[in-house]
Amino acid sequence: MSSFGPSPRRRRLALSVGGALAAMLMVAPGASAQFTLAECGGSLAPGRGASFQNTAFSGFRSLYGTESDGCGAAALNALTWDGAGSGAGRRALGERSAPNTNGDRDPSVRWAGSDEPPTQAQREQMEKGAVVPGTTTDLTAADNSPLHVVPAAMGAIAILVHLPAGCVDYGAVGNDLFRDRPKTALTALEDVFRGTAATWGDLIPTLLPNDNTCRQAPIKRAVRRDSSGTTYALRQLLAKIDPANAADWKTRAGGAAWPNDTGATTVVKAATDGGSALTDLALATPGTLGYVDLATARARGAGAYTWDGAAAPIDRTFWLPLQSSTTDTGNYFDPQANAQGYKPNTPVADRGANCTAVQPTGIPSSTLGDWTNADSSMSEDGYAACTLTYNLLFDDNAVVYCKSPAEEAKARTIKDYFTKAVVSPAGQATLPGSDYARVPGAILDVARAGVNAIGWNKGGTGRPCGDEQPPPPPGGGGDTNNPPAGGGGGTTPPPAAPSNDAKLASTRAVGTTIRLSLQFPGPGKVSVTSSAKPKKGKAVKLATKTVDVTKAGSQTISLSLNSKAKSALRKDKKLKFTLKITYTPTGGSAKTVTKTITVKQPKSSKK
């Protein structure tokens, strides 16, 4: 059996202790400002992003709900997490990628998570938010804020094996096995994920029988359908295995496209986003090789990917031990830290990712720096497929959203949660039991400095909400013989009327539904009337849609065609609708804009 244990080749972290101390002392952008709300006085602050973080969030959230280290049981209601994927998280904060090509910030999300650190372009998009539709021009500079990239945990990517149904023997003994299971070379792993290796024998050459039911059976790549930080982290490893393919893997990053995705090597994709969907697909599809974070691999399918020695004739679903590096043929590592942790019913105390000894390289000295060079793969000091995972937090939500009491309560929760439950010693201590590893010390110092820098209404730069009037200008003009007490003379001008300048960011037809994306300056009401004139007969009208606008920001409105409109659409194949959109801000005057959109008859599905 190959050896398992600490490698003598330990890598020194690029960030020095002095650099970490400098990061802790770094001054945040802009002047500091205190929250007016006391600690633990916040409200609901939803997050969205990497499914890789799902189990880590559960551990952090549980700690946050304690009286000793967090904000008490009542605070649990202030935190939710939608593990929709890294790309979904970045888009929620304003990244301009489909379907959010205008960079609208999701009004229901206040922080995000990603295993793939944002590029400089992605970061600038999130920092600026929405653009004028069809351009790259910032809609307003008033909502621009720096974005912190905060490393929250280290994790391992488990390589999921689901052998073909015809396999009855691993055909391996002694050094061909690693803790009861077959092992494979990293070069073979890269060949499979590249699509240049076509059969199971290319990955595990000892499988029996040696025929098209097992060893010669096609190997199928089970992959994410969405933009994924887990995919990005796996490709960091694949790029190191074969230098000839490194540039291509790096270019693909976390995207959904795979090389050689055609014919016998066509990938199979999950029907929905996230790591759980991929795991479920792989479990349901014999002959697949997939990938997911260790925590999901252990929990999904009632632990189906843990190895069961009592399975007859063999256990066909397990995670694969990996070679430590392409040059180290003698050392193999599992994704879990405990030697027996690949088996079912592993106690929580014996869990954890085998990434503790890994020292990531390419680490910047600040959460405001460039994290795209950070790399935890193939370090030779632990499992080859390790990665940092990050949270994305705005420096000042009073600028990004507005400086209302409701927004301050959300920002207070974010500040408290990350301070008490994520970067704290107690928070990091929850990670091994959730099948992760702690963030290395010097990197954690950088993360804590970033969280500490986050503030509220720094330097009074928070922007007014839609229903908030700016303060009157001091003094100036008026009756100088009788100036108001304590002022500089003059009368206070009447407050400015609330803005009714709503922006129509985009319109599109999805089947028989019209979807409008609007950007509102503040609360009020919006109503939409719509009509179309068929080639023959009377005009068809849709019911007027009236929606409450509760605050400034983006909002989507959907209009469904009624039966008359659908009947006319079937006859004419397309209808041109005229939309009249009227926005009335609270306490202000209405403004109407007109827009036309053509709805085409959906193609009937072929059976």
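The values are calculated or read from the model by the stated rules, or taken from the named source; none is laboratory data. Keep in mind that what you see is a predicted model, and the values were worked out from it rather than measured. Every residue, glycine as well, gets a Cβ built from its backbone with ideal geometry; the counts of neighbours run over all protein chains shown. When the accessible area is computed, the model is the full protein with side chains, heavy atoms only, and any ligands, DNA or RNA have been set aside. Shrake-Rupley method; radii C 1.70, N 1.55, O 1.52, S 1.80 Å.
A Förster distance of 30 Å, applied to the separation of the beta-carbon atoms of Ala349 and Ala185, puts the FRET efficiency at 0.35.
Using only side-chain charges placed at the Cβ, +1 for Lys and Arg and -1 for Asp and Glu, the dipole size of the chain relative to its Cα centre rounds to 3560 debye. To the nearest 10, the accessible area of Thr550 is 110 Å² with a 1.4 Å probe. Karplus-derived 3J(HN,Hα) values for region 134-149, using 6.51 cos²θ - 1.76 cosθ + 1.60 with θ = phi - 60°, are x, 9, 10, 7, 4, 5, 7, 7, 5, 10, 7, 8, x, 10, 8, 9 Hz; glycine and proline are entered as x. Dipole check for region 251-357: with +1 at the C-beta of Lys and Arg, -1 at the C-beta of Asp and Glu, and the Cα centre as origin, the magnitude is about 80 Debye.
The antiparallel fraction among DSSP beta bridges confined to the chain stands at about 85%.
Assuming a ≥ b ≥ c are the square roots of the Cα gyration tensor eigenvalues, decide whether region 229-358 counts as rounded (a/c under 1.5), prolate (otherwise, with a/b larger than b/c) or oblate.
Values: a/c = 1.75, a/b = 1.25, b/c = 1.40.
Oblate, because a/c is 1.5 or more while a/b does not exceed b/c.
Ranked from largest to smallest solvent-accessible area, with a 1.4 Å probe on the protein heavy atoms, Glu407, Glu39, Glu127 come out as Glu39, Glu127, Glu407.
With a Förster radius of 41 Å applied to the C-beta separation of Thr461 and Ser527, the computed FRET efficiency comes to 0.75. Taking a straight Cα-Cα cut-off under 30 Å and skipping sequence neighbours fewer than 8 places away in the same chain, the lysines within cross-link reach of Lys128 are Lys250, Lys403, Lys410, Lys415, Lys420, Lys458, Lys503, Lys525, Lys551, Lys580, Lys591, Lys595.
If I take all pairs of Cα atoms in the chain, what percentage of them are more than 31 Å from each other? Beyond 31 Å sits 57 percent of the P(r) for the chain. Among the protein heavy atoms of the chain, carbon and sulfur supply 53% of the accessible surface, probe 1.4 Å, non-protein parts ignored. Dipole check for region 94-186: with +1 at the C-beta of Lys and Arg, -1 at the C-beta of Asp and Glu, and the Cα centre as origin, the magnitude is about 140 Debye.
Taking 4 °C and 1.567 mPa s as the conditions, I'd like the Stokes-Einstein D for region 178-273 in µm²/s, using the Kirkwood hydrodynamic radius from alpha carbon pairs. Before the final figure, lay out the partial values.
Details: Rh = 14.2 Å.
Value of D from the Cα-based Kirkwood radius: 91 µm²/s.
Between the helical axis of 54-64 and the longest alpha-carbon principal axis of the chain there is an angle of about 60 degrees.
If you line up the long axis of helix 441-453 against the longest principal axis of the chain, both from Cα atoms, how many degrees apart are they, to the nearest 10? The answer is roughly 10 degrees. Take Lys269: with every protein chain present and a 1.4 Å probe, its accessible area is about 90 Å².
The residues of the chain expose, per residue, 42 Å² of accessible area to a 1.4 Å probe.
What full-extension length gain, to one decimal in nm, is calculated for Asn144 and Thr326 as 0.36 nm per residue of separation minus the Cα-Cα distance?
Values: separation 182, 0.36 × 182 = 65.52 nm, distance 4.49 nm.
Difference between extended and current length: 61.0 nm.
Sort Met378, Met154 by accessible area with a 1.4 Å probe, largest first. Intermediate results must be reported in sequence, preceding the final value.
Details: Met378 25, Met154 0 Å².
If we order Met378, Met154 from most to least accessible, we get Met378, Met154.
Length gained on full extension, Asn338 to Thr544: 68.0 nm, using 0.36 nm per residue less the C-alpha separation. The aspartates and glutamates within cross-link reach of Lys564, meaning a Cα-to-Cα straight distance under 18 Å and a gap of 8 or more places when in the same chain, are Asp572.
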